[in-house]
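Here the structure is laid out as structure tokens; the discussion comes afterwards.
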Amino acid sequence: MDSLNTLNVFVQVADTRSFVAAGRVLGVSASAVGKSIVRIEERLGVRLFHRSTRSITLTAEGALFLERCRRILAEIEAAEAELTQTVLAPRGRLKVSLPLVGEPFLPVMAQFKKAYPDVDLDLTFSDRRVDVVEEGYDAVVRSGDTPDSRLTSRRLGSYRMILVGAPEYFAERGVPLHPNELVQHSCIQFRFPNTGKLQSWPVSLTDGDSELNLPTSMVCNNLEARICFAVQGIGIAYLPDFAIKEWLECGKLVPILEDCSQAGVFQIMWPSGRHPAPKLRVFIDFLNMHLFPETASPVRRTLEKQSTTTEQNFRS
């Protein structure tokens, strides 16, 4: 910073052609200005000004140096202005890892991009547990608890995992009234891509201790496939309510065995110890506001209605 101050002194003297006038602009004495010019001339090994009792004029070397100094100071000023704008206005690249599901994330990402066009989104959709710090992510959104002392987290919203099927399927096969009866039905199951294990359903035998050995009528490793097959009447699936909102509301899917549903939460996590940059701060706030805007969503109300009528409608 001392060198920058010295350059600024030199430019002011070159502009005013006076140590006194330059000192007045800089708020220092004419003597301090003169000493500063002497020091810079000694460091450079050249004379920058021709001095007389009446005037101060630039030497050839001084004129060349002035051009460079103006350029340097202008670049610094531009950098400061750019940094200030970065602090005030969200902009720049934002690297985020999101779950491997479409709803409700894709529409919200599009809305965010429209609201903040200067933020460049670098999105990775994956269900694996990424290392936010080591892999250079600004943030990661995941369901469930993922304890990591290096991360700060914020809850975005809740959802429920529910058992559902198509009315046509239940009309043909009947509605299971107890978890034990699931062994007699076609089950569309999910295999975790990273581990190869099947997702467990919150069901057990009558004693409540033994786990049911559910049929693997169809196994998929992504959410969209399970939704499609359930809607087509292939069997019963265990799905998150946020992903099947429209199918529930139009009646293409109906919930069963409400006691077997489970609650889940989504949270966003980012490296601890950092003051979130404006781009990340607005991203967190935007997701918190738009991802799960209703505490009691229409889906929950639909479930409450349908759970009381499903068994009666398809009992026979």
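The values are calculated or read from the model by the stated rules, or taken from the named source; none is laboratory data. Since the structure is predicted, the reported quantities are computational estimates derived from the model, not experimental observations. Positions of Cβ are generated from backbone atoms using ideal geometry, with glycine treated the same way; all protein chains shown enter the neighbour counts. With ligands, DNA and RNA removed, areas are computed over all heavy atoms of the protein, side chains included. Shrake-Rupley method; radii C 1.70, N 1.55, O 1.52, S 1.80 Å.
List of remarks:
- Number of residues in the stretch 194-215 that are assigned to a loop (DSSP other than H, G, I, E, B) and at pLDDT below 75: the value is 7.
- Residue match in the stretch 276-293 (condition: assigned to a strand (DSSP E or B) and open to solvent by 20 Å² or more (accessible area, probe 1.4 Å)): no
- Of all residues in the stretch 130-162 being open to solvent by 60 Å² or more (accessible area, probe 1.4 Å) and among the small types (Gly, Ala, Ser), the one that is modelled with the highest pLDDT: 153
- Qualifying residues in the stretch 101-129 (those that are of a type in the set (A, V, I, L, M, F, W, C), modelled with pLDDT under 90 and under 14 Å from the mean Cα position of the chain (by Cα)) - the one most open to solvent (accessible area, probe 1.4 Å): 125
- Residues that are touching a residue at least 60 places away in the same chain (Cβ under 8 Å) and not acidic (Asp, Glu) number at least 3 in the following strands (runs of 3 or more DSSP E) confined to the stretch 90-183: 92-98, 139-143, 151-165.
- Per-region count, the stretch 7-29, residues farther than 17 Å from residue 70 by Cβ, open to solvent by 40 Å² or more (accessible area, probe 1.4 Å) and in contact with a helix residue (DSSP H, G or I) (Cβ under 7 Å, 6 or more places away or on another chain): 3
- Residue in the stretch 226-247 that is among the small types (Gly, Ala, Ser), farther than 21 Å from residue 97 by Cα, at pLDDT 85 or above and part of a helix (DSSP H, G or I) present: yes
- Scan of the stretch 216-237 for residues that are closer than 13 Å to residue 185 by Cα and surrounded by 16 or more Cβ atoms within 10 Å (Cβ to Cβ), ordered by number: 218, 230, 233, 234, 235, 236, 237
- Checked against (1) open to solvent by 80 Å² or more (accessible area, probe 1.4 Å); (2) of a type outside the set (Lys, Arg); (3) under 22 Å from residue 144 (Cβ atoms); (4) touching a Leu at 6+ places or on another chain (Cβ under 6 Å), residue 258 meets all criteria but (4).
- Flag for residue 283 being touching a residue at least 40 places away in the same chain (Cβ under 8 Å), in contact with a Ser or Thr (Cβ under 7 Å, 6 or more places away or on another chain) and aromatic (Phe, Trp, Tyr): no
- Residues (more than 21 Å from residue 67 (Cβ to Cβ) and buried (at least 16 other Cβ atoms within 10 Å of the Cβ)) located in the stretch 34-45: 34
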